[in-house]
Amino acid sequence: MKKAFITGITGQDGAYLAKLLLDKGYEVHGGVRRISQPETVRLEKLGVAKDVHLHEFDLTEMNNIFRTIRDYPVDEFYNLAAQSFVGTSWELPIYTADADGMAVVRILDTLRTLKPDTRFYQASTSEMFGLVQEVPQRETTRLYPRSPYGVAKVYGHYITMNYRESFGMHSSSGILFNHESPLRGKEFVTRKITLALAKLAKGGSDPVVLGNLDAKRDWGFAGDYVEGMWRMLQQDVADDYVLATGVTTTIRDFIRFAAEALGMEPVFSGEGIHETAIDAKTGKRIVEISEKFFRPAEVELLIGDASKAEQNLGWKATVSVQGLAQMMAKADYDELA
Ligand code: NAP
Ligand code: F7E
């Protein structure tokens, strides 16, 4: 029986990956940081909370990482934990650098010391492309991060490559474009939209208040992306891979897809912070804009080229952005009382 350790097992991807690995017969261990109320709700929703072994783990604590790797040696180590919200990274830039950058070398160097044959996955991100230097973005596209989050992840990305090249470790970096699901955190734009629209569809009256609706993202389904992570670690030779759908969509169009899935007829009018949307069927205002949700520097366009992953890993995204918006909106609607 193979053993795996997942940092960030309580997060969106951690929960889907735990389920995938359990279904494949792995013994799954996961790192959970100390918070006032332990959050295993995603693992519970997927029905796997009782099947995983949870250990106290914090990215920022060197000796805790050392003891974890010493006491729970595994075949595959997936580093999914991070301060993952881009907006917060301007408020917590130093913490973000530590958790999303320095922590990667803490883990890699401990693995190098204690168990160098462990296969390692690093959760890199399309945010590293930032002000994009090429369209679509691929593994070789020059990086130009636009947030403290993106900058910290660039360090994690390069140190993962460096430990592979320096010490021959099987360390792979997945450059994943945005991926979402009904388990997505409520602060990310897709879930913020589907939750607010579901409440409106249930009779509520509060519009969703957003920032830049012109930004474009390449959105896929998280369930597909964790399969790609696993496939990377099954290769004989470690490497870096983009996972993306190859389709880009504005925030405005994502709102349209989610609203239509809930039977609304969204009509947009106005510009900039005066833009609004109403549901033509009910006349209710469903979208408002606030400066509060604009970022100090924006990533305007992301669209990925996942042809290397398709060729080497046989991986392809299976859920369209319309299907994703529908899945999320329906899940939020069904869950509301
Ligand atoms: P998420 O839902 O925000 O989960 C993040 C996880 O990290 C949570 O389990 C969180 O624990 C844990 N964590 C945060 N700070 C920690 C610390 N100091 N010590 C230990 N654990 C800590 O994120 P996700 O969407 O699943 O993303 C997984 C990874 O992929 C992240 O590294 C993210 O940056 C990266 N990524 C995500 C996407 C995407 O679109 N989802 C795309 C590219 C890359 P709590 O439950 O206690 O908060
Ligand atoms: O923003 C715009 C915002 O926070 C998407 C993380 O998983 O994917 C995620 O990062 C876009 C941005 O995701 C609101 O300005 C408008 O252009 O959902 P988001 P993100 O920043 O793309 C990458 C790949 C990761 O690696 C990250 O970990 O939506 N936007 N209005 C808004 N965004 C939010 N959150 N809230 C708004 O009200």
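The values are calculated or read from the model by the stated rules, or taken from the named source; none is laboratory data. Predicted, not measured: the structure shown is a model, and the values here were computed from it. With ideal geometry, Cβ positions are generated from the backbone for all residues, glycine too; neighbour counts draw on all protein chains shown. The area values use the complete protein model at the heavy-atom level, side chains included, leaving out ligands, DNA and RNA. Shrake-Rupley method; radii C 1.70, N 1.55, O 1.52, S 1.80 Å.
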Query raised in the report: Got a sec to turn the phi values of segment 180-189 into Karplus ³J(HN,Hα) couplings, 6.51 cos²θ - 1.76 cosθ + 1.60 with θ = phi - 60°, whole Hz, x for Gly and Pro?
Result: 10, 4, x, 8, 4, x, 6, 8, 6, 4
**Report entry** FRET efficiency, 1/(1 + (r/R0)^6) with R0 25 Å, evaluated for GLU39 and GLU91 via beta carbons
**Finding:** 0.75
Query raised in the report: Near GLU61, within a Cβ-to-Cβ distance under 13 Å, what is the net charge of the other residues, with Lys and Arg +1 and Asp and Glu -1?
Result: +1
Query raised in the report: Which one of MET232, MET128, MET102 has the biggest mean-square fluctuation once the chain is modelled by GNM with Cα springs under 10 Å?
Result: MET102
Report summary line: Here, LEU131 and MET1, labelled 7 Å along Cα→Cβ, have an inter-label distance in nm of 5.2
Query raised in the report: Under a 1.4 Å probe, what is the accessible area of segment 107-188 per residue, stated in Å²?
Result: 38
Requested in this report: Please find, in a Gaussian network model of the chain (springs between Cα atoms separated by less than 10 Å), the residue of ALA306, ALA215, ALA18 whose mean-square fluctuation is greatest.
Outcome: ALA215
Report task. With θ set to phi - 60°, apply the Karplus curve 6.51 cos²θ - 1.76 cosθ + 1.60 along segment 51-57 and write out the HN-Hα couplings as whole Hz, x wherever there is a Gly or Pro. Result -> 9, 10, 9, 9, 10, 5, 8
Query raised in the report: So which residue, out of VAL104, VAL74, VAL321, gets the largest mean-square fluctuation from a GNM of the chain using Cα contacts under 10 Å as springs?
Result: VAL74
**Report entry** FRET E, pair ARG70, ASN162, Förster distance 30 Å, beta-carbon r, rounded to 0.05
**Finding:** 0.85
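Among residues other than LEU313 whose Cβ falls under 13 Å from its Cβ, what is the net charge (Lys/Arg +1, Asp/Glu -1)? Walk me through the numbers on the way to the answer.
On the way: positive: ARG231, LYS308, LYS316; negative: GLU139, ASP224, GLU227, ASP236, ASP239, ASP240, GLU310.
Residues near LEU313 contribute -4 overall.
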Requested in this report: Go through segment 36-46 residue by residue and turn each phi into a ³J(HN,Hα) via Karplus (6.51, -1.76, 1.60, θ = phi - 60°); whole Hz please, and just put x for glycine and proline.
Outcome: 5, 10, x, 10, 10, 4, 5, 5, 5, 4, 8
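At a 1.4 Å probe, what is the % contribution of carbon and sulfur to the accessible area of segment 247-302?
Numbers: 1480 of 2950 Å².
Carbon and sulfur atoms account for 50 percent of the accessible area of segment 247-302.
Taking 10 °C and 1.306 mPa s as the conditions, I'd like the Stokes-Einstein D for the chain in µm²/s, using the Kirkwood hydrodynamic radius from alpha carbon pairs. Display every interim value, and only then the final one.
Numbers: Rh = 20.5 Å.
Reported coefficient: 77 µm²/s.
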Query raised in the report: If the cut-off is 13 Å between C-alpha atoms, which aspartates and glutamates fall inside it for LYS308, apart from same-chain ones fewer than 8 positions away?
Result: GLU139, ASP239, ASP240
Requested in this report: Amide H neighbours of GLY220 under 5 Å, at least 5 residues apart or on other chains, H built in the peptide plane: list them.
Outcome: HIS179, GLU180
Query raised in the report: Under a 5 Å amide H to amide H cut-off, with H placed in plane at 1.01 Å, what residues pair with VAL287 once short-range neighbours are removed?
Result: VAL208, ALA277
Requested in this report: Give the distance, in whole Å, between the Cα centre of segment 225-270 and the Cα centre of segment 193-214.
Outcome: 19
Report summary line: In degrees, nearest 10, the alpha-carbon axis of helix 62-71 is tilted away from the dominant principal axis of the alpha carbons of the chain by 70
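Take the residue pairs LYS192/LYS330; LYS3/LYS316; LYS153/LYS192; LYS50/LYS199 and return only those whose Cα atoms are more than 20 Å apart.
On the way: LYS192/LYS330 14 Å; LYS3/LYS316 26 Å; LYS153/LYS192 24 Å; LYS50/LYS199 31 Å.
Result: LYS3/LYS316; LYS153/LYS192; LYS50/LYS199 exceed 20 Å.
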Query raised in the report: When the accessible area of segment 68-167 is split by element with a 1.4 Å probe, what percent falls to carbon and sulfur?
Result: 54
Query raised in the report: Roughly speaking, what is the centre-to-centre gap between segment 285-314 and segment 61-110 when only Cα atoms are used, to the nearest Å?
Result: 24
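Counting only helical runs of four or more DSSP H residues, what would the 222 nm mean residue ellipticity of the chain come to if each run contributes -39,500 (n - 2.57) and the total is spread over all its residues?
Helix-only estimate at 222 nm: -11000 deg cm²/dmol.
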Report task. Indicate, rounded to the nearest 5 percent, the antiparallel portion of the DSSP beta bridges found entirely in the chain. Result -> 20
